[in-house]
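Just below is one structure, and these are the notes that go with it.
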Amino acid sequence: MAEKQQLSTANRSTPPAAMIPVNRWAALTRSILWAVAAVMAAGVLTPIHNSVNLRPNALSNRIVDYGLLVAALPIGIIGLVCLWKCIQWTLLVAWPGETSITADEDSLVMRLGPFGTRRYAARRLAMHYPFELADDGAEGGFESFLPEEEQRDTLLPLITNHGASEAINRTLLRFASRPEKELARQLRPVLDIWRAQVGGDTDAVSR
């Protein structure tokens, strides 16, 4: 009986944590889509390349040819970007190391293979649910009109950090590729602690 009580006490005292695997099947889908976009760009550039003749001749002063090259430059840049994205997502599919998102009471660590490893201290994260973004709901969107508890259960808050290039909740959704409702419920205990640490929700842990 005493051992059961000790185990129960230990379980209650264990800080919450969440580990979310990166969805490699979704990464494969993204790599294919980026590859298709790169091939389409190449398909547009190929006839342009074949028609351009920069050698002087009696029929052309090369102005049209140079104009075609200038017009094709943005398409070429887009094609290279698409190819680079395709390579990154393909590498993620075959990445030999661990790819996961780990959240505990002190930090958020995202191991994203070729996209790098990103570490954020919980106390440096800013988190706001739609009902906290604006009183009139203009900034929070239609979700801001949902009951507060429903927002906490079904939505990830807007998570930002000065070192992140985009909202961290968007990165979570992209690499986990799971319904937001599932992620919100899995991360809810950790999010409540984070928000209490930064003053975003002083009574989150007690609820």
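For the reader, a short list of remarks on this structure follows.
Condition check ((1) charged (D, E, K, R); (2) closer than 30 Å to THR102 by Cα; (3) exposed (fewer than 15 other Cβ atoms within 10 Å of the Cβ)) across all residues:
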site	(1), (2), (3)
ALA18	no, yes, no
ASN23	no, yes, no
ALA27	no, yes, no
ALA37	no, no, no
ASN50	no, no, yes
LEU54	no, no, yes
ILE63	no, no, yes
VAL70	no, no, yes
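- Scan of segment 44-102 for residues that are aromatic (Phe, Trp, Tyr) and modelled with pLDDT of 95 or more, ordered by number: TRP84, TRP89, TRP95
- Residues considered: LEU155, LEU83, LEU133, LEU92. Of these, the only one that is touching a residue at least 40 places away in the same chain (Cβ under 8 Å) and either within 26 Å of ALA196 (Cβ to Cβ) or within 18 Å of the chain's Cα centre (by Cα) (or both) is LEU92.
The values are calculated or read from the model by the stated rules, or taken from the named source; none is laboratory data. Owing to the predicted nature of the structure, the values given are computational and were not obtained by experimental measurement. Glycine gets a Cβ as well: all are built from the backbone with ideal geometry, and neighbour counts include every protein chain shown.
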